[in-house]
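Report on the following structure.
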Amino acid sequence: MGDAQTEDEAAAELERLAREIARHNRLYHGEDAPEISDADYDALVRRNAALERDFPHLVREDSPSRQVGAAPEGPLAKVAHALPMLSLDNAFADEEVAEFVARVRRFLKLSEDEEVALTAEPKIDGLSCSLRYEKGVLVLAATRGDGSVGEDVTPNARTIADIPERLRGEAPAVFEIRGEVYMSKADFAALNARQAEAGGKIFANPRNAAAGSLRQKDPAITAARPLRFYAHGWGEATAVPGDTQLAVMRSIEAWGVPVSADLERFTDLGPLLAFYRGIEAKRADLGFDIDGVVYKVDRLDWQRRLGQVARAPRWALAHKFPAERAETILEAIDIQVGRTGKLTPVARLTPVSVGGVTVTNATLHNADEIARLGVRVGDRVLIQRAGDVIPQVLENLTPGADRAPYIFPARCPQCDSEAVREEGEVDIRCTGGLICPAQRVERLRHFVSRHALDIEGLGIVHIESFFRDGLLQSPADIFRLTKAQLLGRERWAEVSAANLIAAIDSKRRPPLDRFLYALGIRHVGEVTARDLARRYRSWAGLEAMVDAALAVRAGLQPALGEDERKFALRRDKAVAAAIETPNIGPEVGNAILDFFEETHNREVLQDLFAAGVAPQDVVWETKASPVSGKTLVFTGSLETLSRDEAKAQAEKLGAKVAGSVSAKTDLVIAGPGAGSKLKKAQDLGVAVIDEAAWNALVAEAG
Ligand code: IVH
């Protein structure tokens, strides 16, 4: 920082400090992405104070010493999407594209001579946005958010020239156009140059610039930024102008909304892959960033049948461009401790630019991977970065160098508990459980993360600092935080403290599935959490099931002469049966029961409820249908449907699909060739229908 000698130098330094501190305030409070440590920040503030003491007449209007804190960017209003905004499954290799087409064929049970047409267009690297038109007039623009709830950016979207206020010609009563807001590479470079001159924020890439420009409180700022839009699909619609993806995209184009100039339709894999190669070849000349090609099944009736799994449709695929690679030096190997105690080695690298992004860390996955690569600190390594995934170390370019081999720690670097590798597992885990601070912090972080409780403004930096100071020990503490406590801390001002408390308060009634996911039960991801929530519908319902299942599991004893393996199989079967939820087998079932068996976890839950957290009962309607809540069994061969599609249909109608017939079975759908299951159903007096009757039932319920 250097000692300012003259007044001029002092004035210049004060100006720089004002700008720099304001920037760090914004990064810390507004974006939750600080670039410097608390100690470095304090040093800047102290330096500013010292200069002001020496040169009192130079104290600036905008001096950090005069500010109460950062003015955080007020959050934009939230809007729930009428239909979720989905993401895409990725593929890298040609074979994966072929497999996608084969999967579509299998699911739809298409005959060999039936043609599967796909549309193809570039996958643009922007941020998705849903534009709702009512009677052809733009009424709402929303960002994707978490896919279910986004942010209202309507006034901002109105400033984008590509987004018409009114659709040309005849448009349906309601039609949501979905697409991508982006910035061209040239506009991005010019914007950054202007920002640099004005001392404003420099954006890392066009995507960030587009996001930062669209998600503004002040539409005047958006208006001054050169944003563009192109449509790639649609959401809620009272009428759809066509039977194919391509026809509807052409209608959207005719309404005056841009679509990709490279949108085409293919019926054969060869030309489709040639198109992909062609787009890849002209990638650099496109003027905007793309990261692959998106394929979509053209027929809309097939899209509807294919439906979606988790967050991605079965009828679309993103064929990404190959990852970008670079060479650098492995400077150190650090060990990170995850939520479940997993120790992950992380490569600290000499910073290197990979496809325009500076990479300083890469994952080394586990001890086996380190052994496979044979890496030692000091080695030259090849790294690769693909899309949003964490960079990886691909290869050691200086194997066998005369350096000390890396020894994986035998104890947790955070809590010094023993680190063990369970039989048959690749991961090494800290055995410290909740005495391990890293595991506790990671659990808290997971609890508030975007797909869990989604508490905005409570980022890892705050969690770590609150944890360190004893303010946050367990999830319930979050709900006991007060504004006064925050204001008592450095760098918290009235507005930011009030915002965080409000954000926390708004999450006291989380949807049951999010709450379950937030608990961080091993193997319980978002999809499993949703399956459980859908099945049990309330916390009380779920807990009753868990207690009953725990009793069942505890009561099981090996029968006389039964070997260990047989007993384990029997127990697994009993557990899965007791959990009684589609898609949840013994491994996940046991993990759920293990979680609830742990007294400490029950205490955490009781504590949360005592702090006023009450998960909401499930209100999503699985369609009322003649089979909702019923258990079905499909047997024999189906002619018009694949097993997967039949199962997806049944689940959509609220039914459970079982593999075998028992007294609990409500309905059997039997095709030609049905044998013992059909006979058993008949013996038990279970209702049996054929495939045609099933199709009629589905059509009626839909
Ligand atoms: S279709 C139902 N087409 O990529 C499928 N998405 O990684 C919805 N994206 O959230 C997306 N270009 O924001 C589609 N031509 C394109 C796209 C595209 C970019 C984005 C979109 C999506 C994300 C998924």
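Table for the structure above
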{"item": "Residue among 27, 17 that alone is of a type in the set (A, V, I, L, M), at pLDDT below 75 and assigned to a helix (DSSP H, G or I)", "result": "27"}
{"item": "Boolean, residue 578 is out of contact with any strand residue (DSSP E or B) (no Cβ under 6 Å at 6 or more places or on another chain), among the aliphatic types (A, V, I, L, M) and outside any helix (DSSP H, G or I)", "result": "no"}
{"item": "Residue within segment 307-325 that is surrounded by 15 or more Cβ atoms within 10 Å (Cβ to Cβ), farther than 22 Å from residue 86 by Cα and charged (D, E, K, R) present", "result": "yes"}
{"item": "Test for residue 276: is it more than 12 Å from the ligand (Cβ to nearest atom), hydroxyl-bearing (Ser, Thr, Tyr) and at pLDDT 95 or above", "result": "yes"}
{"item": "Qualifying residues in segment 186-210 (those that are in a helix (DSSP H, G or I), open to solvent by 20 Å² or more (accessible area, probe 1.4 Å) and within 16 Å of the ligand (Cβ to nearest atom)) - the one nearest to residue 125 (Cα to Cα)", "result": "207"}
{"item": "Residue list for segment 211-227, filter: within 13 Å of the ligand (Cβ to nearest atom) and open to solvent by 10 Å² or more (accessible area, probe 1.4 Å)", "result": "211"}
{"item": "Candidate set from segment 518-528 (those that are modelled with pLDDT under 95 and in a helix (DSSP H, G or I)); member that is nearest to residue 579 (Cα to Cα)", "result": "528"}
{"item": "Identity of the residue in segment 111-121, open to solvent by 30 Å² or more (accessible area, probe 1.4 Å) and either more than 17 Å from residue 642 (Cβ to Cβ) or aliphatic (A, V, I, L, M) (or both), that ends up farthest from the ligand (Cβ to nearest atom)", "result": "113"}
{"item": "Residue count, segment 254-274 (criterion: of a type in the set (A, V, I, L, M, F, W, C), open to solvent by 30 Å² or more (accessible area, probe 1.4 Å) and farther than 28 Å from residue 176 by Cα)", "result": "2"}
{"item": "Top-ranked residue of segment 137-157 - restricted to ones that are among the aliphatic types (A, V, I, L, M) and in contact with a Lys or Arg (Cβ under 9 Å, 6 or more places away or on another chain), ranked as farthest from the ligand (Cβ to nearest atom)", "result": "137"}
{"item": "In segment 161-173, the residues that are away from the ligand (no atom under 16 Å from the Cβ) and open to solvent by less than 40 Å² (accessible area, probe 1.4 Å)", "result": "164, 167, 171, 172"}
{"item": "Strands (runs of 3 or more DSSP E) wholly inside segment 613-702 containing at least 1 residues that are open to solvent by 30 Å² or more (accessible area, probe 1.4 Å) and over 29 Å from residue 310 (Cβ atoms)", "result": "687-689"}
{"item": "Filter result for residue 362 (open to solvent by 50 Å² or more (accessible area, probe 1.4 Å) and closer than 25 Å to residue 89 by Cβ)", "result": "no"}
{"item": "Complete set of residues in segment 241-252 that are open to solvent by 60 Å² or more (accessible area, probe 1.4 Å) and in contact (Cβ under 8 Å) with a residue 12 or more places away in the chain", "result": "243"}
{"item": "Selected residue (criterion: surrounded by the fewest Cβ atoms within 10 Å (Cβ to Cβ)) from residues of segment 478-508 that are assigned to a helix (DSSP H, G or I) and in contact (Cβ under 8 Å) with a residue 24 or more places away in the chain", "result": "494"}
{"item": "Residue 240, sole failed condition from (1) assigned to a loop (DSSP other than H, G, I, E, B); (2) in contact with a helix residue (DSSP H, G or I) (Cβ under 7 Å, 6 or more places away or on another chain); (3) away from the ligand (no atom under 16 Å from the Cβ)", "result": "(3)"}
{"item": "Given (1) open to solvent by less than 50 Å² (accessible area, probe 1.4 Å); (2) more than 22 Å from residue 492 (Cα to Cα); (3) modelled with pLDDT of 65 or more, index of the condition residue 4 fails", "result": "(3)"}
{"item": "Set 421, 445, 450: member being open to solvent by 70 Å² or more (accessible area, probe 1.4 Å), without any contact (Cβ under 8 Å) to a residue 60 or more places away in the chain and out of contact with any Cys (no Cβ under 6 Å at 6 or more places or on another chain)", "result": "421"}
{"item": "Residues within segment 586-600 that are without any contact (Cβ under 8 Å) to a residue 60 or more places away in the chain and open to solvent by less than 10 Å² (accessible area, probe 1.4 Å), tallied", "result": "3"}
{"item": "Sole residue being charged (D, E, K, R), loosely packed, with under 14 Cβ neighbours inside 10 Å and out of contact with any helix residue (DSSP H, G or I) (no Cβ under 6 Å at 6 or more places or on another chain), chosen from 379, 427, 416", "result": "416"}
{"item": "Residue selected from segment 468-477 under the condition assigned to a loop (DSSP other than H, G, I, E, B) and aliphatic (A, V, I, L, M), by the criterion most open to solvent (accessible area, probe 1.4 Å)", "result": "471"}
{"item": "Criterion (without any contact (Cβ under 8 Å) to a residue 24 or more places away in the chain and touching a helix residue (DSSP H, G or I) at 6+ places or on another chain (Cβ under 8 Å)) met by exactly one of 192, 205, 156", "result": "192"}
{"item": "Enumeration of residues in segment 73-102 that are over 14 Å from residue 142 (Cβ atoms), within 16 Å of the ligand (Cβ to nearest atom) and either in a loop (DSSP other than H, G, I, E, B) or out of contact with any helix residue (DSSP H, G or I) (no Cβ under 6 Å at 6 or more places or on another chain) (or both)", "result": "86, 87, 88, 89, 90, 92, 96, 97, 100"}
{"item": "Scan of segment 122-136 for residues that are open to solvent by 40 Å² or more (accessible area, probe 1.4 Å) and either assigned to a strand (DSSP E or B) or more than 14 Å from the ligand (Cβ to nearest atom) (or both), ordered by number", "result": "123, 132, 134, 135"}
{"item": "Filter result for residue 569 (over 30 Å from residue 615 (Cα atoms) and assigned to a helix (DSSP H, G or I))", "result": "yes"}
{"item": "Qualifying residue in segment 457-467 (condition: open to solvent by 20 Å² or more (accessible area, probe 1.4 Å) and of a type in the set (Val, Ile, Thr))", "result": "yes"}
{"item": "Residue match in segment 310-324 (condition: under 30 Å from residue 474 (Cβ atoms), in contact (Cβ under 8 Å) with a residue 40 or more places away in the chain, within 16 Å of the ligand (Cβ to nearest atom) and not in a strand (DSSP E or B))", "result": "yes"}
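The values are calculated or read from the model by the stated rules, or taken from the named source; none is laboratory data. None of the values given here were measured: they were computed from a predicted structure. Cβ: placed from backbone, ideal geometry, glycine included. Neighbour counts: every protein chain shown. Ligands, DNA and RNA are excluded from the accessible area calculation, which covers all protein heavy atoms including side chains. Shrake-Rupley method; radii C 1.70, N 1.55, O 1.52, S 1.80 Å.
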